[in-house]
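Report on the following structure.
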There are 2 protein chains.
Amino acid sequence: MSSARNLSVALRRARVPKPRCFIQTIVSRGPSRVATRTFSVTSAANATKEIKYTSNAYPNLKRDPKFAEITAEDVKFFQELLGSQSAVIDGVTTDAADDIEPFNSDWMRKYRGHTTLVLKPQTKEEVSKVLKYCNDKKLAVVPQGGNTGLVGGSVPVFDEIVINTSRMNKIRSFDEGSGVLVADAGVILEVADQYLAERDHLFPLDLGAKGSCHIGGNAATNAGGLRLLRYGSLHGNILGVEAVLADGTIVNSLSTLRKNNTGYDLKQLFVGSEGTIGIITGLSILCPPRPKAVNVAYFGVESYEQVRQAHKEAKSHLSEILSAFELMDGRSQQLVHQSTGNKYPLEGEYPFYCVVETSGSNGEHDMAKLESFLEHIMGEGIVADGVLAQDETQFQSIWRWREGITEALSHLGGTYKYDVSIPLPELYQLVEDCRERLTKLGFVGEDDSFPVRAVVGYGHMGDSNLHLNIAVREYSKEVEKAIEPWVYEWIQKRSGSISAEHGLGIAKKEFIGYSQDETMVKLMKQLKDLYDPNGIMNPYKYI
Amino acid sequence: MSSARNLSVALRRARVPKPRCFIQTIVSRGPSRVATRTFSVTSAANATKEIKYTSNAYPNLKRDPKFAEITAEDVKFFQELLGSQSAVIDGVTTDAADDIEPFNSDWMRKYRGHTTLVLKPQTKEEVSKVLKYCNDKKLAVVPQGGNTGLVGGSVPVFDEIVINTSRMNKIRSFDEGSGVLVADAGVILEVADQYLAERDHLFPLDLGAKGSCHIGGNAATNAGGLRLLRYGSLHGNILGVEAVLADGTIVNSLSTLRKNNTGYDLKQLFVGSEGTIGIITGLSILCPPRPKAVNVAYFGVESYEQVRQAHKEAKSHLSEILSAFELMDGRSQQLVHQSTGNKYPLEGEYPFYCVVETSGSNGEHDMAKLESFLEHIMGEGIVADGVLAQDETQFQSIWRWREGITEALSHLGGTYKYDVSIPLPELYQLVEDCRERLTKLGFVGEDDSFPVRAVVGYGHMGDSNLHLNIAVREYSKEVEKAIEPWVYEWIQKRSGSISAEHGLGIAKKEFIGYSQDETMVKLMKQLKDLYDPNGIMNPYKYI
């Protein structure tokens, strides 16, 4: 990023008294181009290691004997039903273990199931017939999209049949007048966004796994990501859902209308239900016009209190064009530096960093707002140093310092990931308290005798959403016990959420009580029983 | 509006070739002030007429004998429970008909019930005890907020006990950092918005009845209104709901977090459920910063096709600052003119008018965007004439031409109101088809021998939401039969919604099948049975 304009040169108060002149030169570059990011997640360090079976990692979990075992007859039924060879991966009557493995385990290589059958229906009618058969025969299933989740929600624990949505991958319609997209559940998020980009719109959701995740899976997990700050949650943007219940009932709630007050808004139940009450096969979603100008800045900040001040000023100065306010701690940026070998964006090192993005319809206006914001936060000494992307390459490069954290961590071994929401005043305190706790217990250190390599915090500050990540040399019950339930108790005391955007899956199932009271859990179980009385949908997980 | 700048003078292409100069003078006036509107709804012409009982208007509806009748013993229980004298209006053991009447009938004077008891609990615990008692005794109830609904949803049909939320009227907390407001259900929308205005925020919902309606009622009916275009639906903005189920169970889902993926999002079921599964007692809602600059323009347009073009250009030019795009037909504006006696904003008369509002954080930037928009639509001849509000008075005045339609109609006698959503290309066609149909049937005319005075269309164009209003000299079955189910069939053919934002209530109950299929209705009834097995919550309505 040597060519990125370094605000420190001109704006650091102590050195240059007239920041205004410098900012003018930034403005003169004109509106920035529309930029997009792509980012692939791999887990290089772990790639050669065998993944532990979830059934071994959770020895208390036993296969529920009420579920039938898959037979050759079942396989035959599905082969005849789905027709195409590629729609059934049969590990029951053939040796297909290698083909099935990618569907049995997650990308973090943390969860691994024992299934011997993967089905890829292509239509809602096929999904309906598959589920009806499974429900009648008491065969357990696990719905699966792009399998990019972080809580083990989309892979089997035992021999649940994987119903993968990858062959339901058609964009059905897009109306430029209203901005409403209707698409199959298995459309990849990035594909949908590219399709929209060609039509000057954007998908109102963006996240690191966009190149692999399915929009149906995004809906089923109520994914949050980077654009929530600006475009709001999927509960507001999804206008319609088409889904199939456990008994094969097709729920057609695929309205394309922004307003439709005709009865209970049942589609909302599927958003965030993690495949436990039905399989989403299609959805309609309101997509905003694509912003004509996008800018991104990267700051070094001396304290969390100053990060909060910068956030407050960003909301005030950038208002309707603020599209991201991301927080990364110093340790997380060191890890990205070590992982990528890239030169730091700023000269010095700081305990905190922020990425601030604006998206708007007029580059000059946006730049003027950004200018006023920068002038204020540099002038007041709220941030210590900063850079502003000057072109698409720098834009991508800055975002990589935020989005590269997950990959950087994956090179260290295993990662205990906690995706939590805490009121802003205490958001980062959790990382400090956790680091202190694990250090006092003697777990944290540089050499191989210490189980913990790093305790880092980053996340979507604009949404009060922190990712607490504890990088370990390998997963160990000893470390896990030191973190849990301590971390959940800490969050409960602050009325936070133990899962902000990643969901419950198997990872948080037993901890829901820290964020929901008994009545709520009882009401949720009541709904589960209503829609899936045999409990075949994604068992062993969620609530 | 003689002092409002008339764009026609400068911008109508045929007359002035250089609109730019004129627009500069607009810009020089500086950013507009933050403006607010208030509007009270009255029904003057009808005020002296007796309101017909709903039970007479719907002779097929019979009181369900499974419900108990209210006894003196019940009244005593409620009086002891609620303590305060003002919390119980007792028409059972005393003659309180006049005091009860405002709770028995709606403001449109179209629906009227027979209740003899009104309760005003002050806490969720009191609501819980009231409902538990009613559920045990099989006493039917109707939850009521500000009683400003348009579909008869908030008044009794027979002797259902009114549970009114007006004494639950405390703002519980507001966090300026996150913008999250937590308040009792009975807080009046305008009170909440004023409270927020003092803290530089706004309530993400605005509608004509803001001076009377309760935010709990807004949530229960999933109210849409004027700010939905900009801030999205309540399903996205409401972060938490506190409610009481029929059996007295208190549902505490009052999270203040923007992200919280810990189980089914049950609170969504209460949003838009019209008091049929529980009573909302409190809610938390995400409130955006109050815009620093608000501008409003009023246009005359020659055709619906040009209205659509203007809408498209508004979305493109105004983008993130567009906060309203309202459509009014010529007839609706004639009625406002007749009702108020105000001079028309424009010199000529046009078949269509639009109100376009912008809200942003920088008045100069907003005006530049508005300028570019105006220059384009005037230059291209998309709109025929227009004015731009120059101050708060003109701002209010322009909005009155939109918001005054409801009142203007009420002076004519009765109004058949259809609040529908239709894809934009055919949105206004419904009004034309309806007018033609009723005219052909000989119903429409100027003198008193014709039942129909006017067929008008207006609404939230930006949300594809049309209000079709048929003003009649008095309500008649003959006219009603000519409209229904014809209007619903028309909407069904276009995959529209028979209720965009007003809800079902009693008015649309039997027509839900035109917008929801059998499976959806069956699933809704299943939910109703789950949460209210005795059916005591707002019976005879909704689904």
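The values are calculated or read from the model by the stated rules, or taken from the named source; none is laboratory data. Given the structure is predicted, the values throughout are model-derived calculations rather than measurements. All Cβ positions, glycine included, derive from the backbone under ideal geometry; neighbour counts span all protein chains shown. Only protein heavy atoms, including side chains, enter the accessible area calculation; ligands, DNA and RNA are left aside. Shrake-Rupley method; radii C 1.70, N 1.55, O 1.52, S 1.80 Å.
Translational diffusion of segment A:293-407 was estimated from the Stokes-Einstein equation, with Rh taken as the Kirkwood radius over Cα pairs; at 20 °C and 1.002 mPa s the coefficient is 152 µm²/s.
Pick out, in residue order, every one of the chymotrypsin sites (Phe, Trp or Tyr not before Pro) in segment B:446-526 that is DSSP loop and has at most 16 other C-beta atoms within 10 Å; say none if there are none.
B:Tyr475
A quarter of the convex hull surface defined by the alpha-carbon atoms of chain B gives 24.9 nm² as the mean projection.
Basic side chains Lys and Arg get +1 at the Cβ, acidic Asp and Glu get -1 at the Cβ, and with that the dipole of chain B about its Cα centre reaches some 700 debye. Accessible-area rank, largest first, for A:Arg109, A:Arg473: A:Arg109, A:Arg473, with all protein chains present and a 1.4 angstrom probe.
By how many nm would the segment from A:Lys522 to A:Asp433 lengthen if fully extended, with 0.36 nm per residue of separation less the alpha-carbon distance?
28.8 nm
When both segment A:333-358 and segment A:498-543 are represented by their alpha-carbon centers, they are found 38 Å apart. Here the 3J(HN,Hα) profile of segment A:298-306, calculated from phi with Karplus coefficients 6.51, -1.76 and 1.60 at θ = phi - 60°, is 10, 10, x, 10, 7, 8, 5, 4, 6 Hz, Gly and Pro shown as x.
As a test of reading the structure, rank A:Asp206, A:Asp447 by solvent-accessible area (1.4 Å probe, protein chains only), most first.
If we order A:Asp206, A:Asp447 from most to least accessible, we get A:Asp447, A:Asp206.
Think of it as helices only: each DSSP H run of n ≥ 4 in the protein assembly as shown is worth -39500 (n - 2.57), and spread over all residues that comes to -9500 deg cm²/dmol at 222 nm.
The residues of segment B:177-221 occluded by other protein chains by 20 Å² or more of accessible area, set against the chain on its own, are B:Gly177; surface from heavy atoms, 1.4 Å probe.
Its relative contact order, with pairs defined as Cα atoms under 8 Å and 6+ residues apart, puts chain A at 18 percent. Residues of segment A:305-324 that bury at least 40 Å² of accessible area when the other protein chains are present, relative to the chain alone (probe 1.4 Å, heavy atoms, ligands and nucleic acids excluded): A:Lys315, A:Glu320. Excluding ligands, DNA and RNA, the accessible surface per residue across chain A is 36 Å² with a 1.4 Å probe.
Where the only charges are on Cβ atoms (+1 Lys, Arg; -1 Asp, Glu), what is the dipole of the protein assembly as shown about its Cα centre, to the nearest 20 debye?
Values: 120 positive and 136 negative charges, 187 e Å.
I would put it at about 900 debye.
Remark: accessible surface ordering of A:Glu101, A:Glu242, A:Glu478 (largest first) is A:Glu478, A:Glu101, A:Glu242, probe radius 1.4 Å. Electrostatic bookkeeping for A:Ile215 treats Lys and Arg as +1 and Asp and Glu as -1; over the other residues with beta carbon under 11 Å from its beta carbon, the sum is -2. Taking a sphere under 12 Å around the Cβ of A:Glu69 and counting the other residues whose Cβ falls inside, with K and R at +1 and D and E at -1, yields a net charge of -1.
For segment B:447-463, putting each phi into the Karplus relation 6.51 cos²θ - 1.76 cosθ + 1.60 with θ = phi - 60° gives couplings of 8, 5, 7, 9, x, 9, 8, 7, 10, 10, x, 7, x, 8, 3, x, 10 Hz, in residue order, rounded to whole numbers and with x for Gly and Pro.
Within segment B:57-164, the proportion of Cα pairs with more than 19 Å between them is 41 percent.
Placing a label point 7 Å from the Cα of A:Asp447 along the Cα-to-Cβ direction, the distances to the matching points in the other copies come to 10.9 nm, shortest first. The residues neighbouring B:Ser255, those whose beta-carbon lies less than 14 Å from its own, together hold a net charge of -1 under the Lys/Arg +1, Asp/Glu -1 convention. For the residue pairs A:Lys259/B:Lys170; A:Lys259/B:Lys110; A:Lys267/B:Lys417; B:Lys76/B:Lys120, alpha carbon separations beyond 19 Å are given by A:Lys259/B:Lys170; A:Lys259/B:Lys110; A:Lys267/B:Lys417. Computed over the protein assembly as shown, the P(r) tail beyond 59 angstrom holds 12 percent of alpha carbon pairs. Compute the separation of the alpha-carbon centres of segment A:51-118 and segment B:160-174 and state it in Å as a whole number. Centre-to-centre distance over Cα atoms comes out at 53 Å. Computed with a 1.4 Å probe on the full set of protein chains, the accessible area for B:Asp175 sits at about 80 Å². The apolar share of the surface of the protein assembly as shown, taken as the fraction of accessible area on carbon and sulfur atoms (1.4 Å probe, ligands and nucleic acids excluded), comes to 49 percent. For segment B:493-503, 3J(HN,Hα) computed residue by residue from phi via the Karplus equation (6.51, -1.76, 1.60; θ = phi - 60°) reads 4, 9, 6, x, 10, 6, 9, 6, 9, 7, x Hz, glycine and proline entered as x.
A DSSP coil position with no more than 16 other Cβ atoms inside 10 Å describes the following chymotrypsin sites (Phe, Trp or Tyr not before Pro) in segment B:47-82: B:Tyr53.
Taking every DSSP bridge with both residues inside chain A, close to 90 percent are antiparallel.
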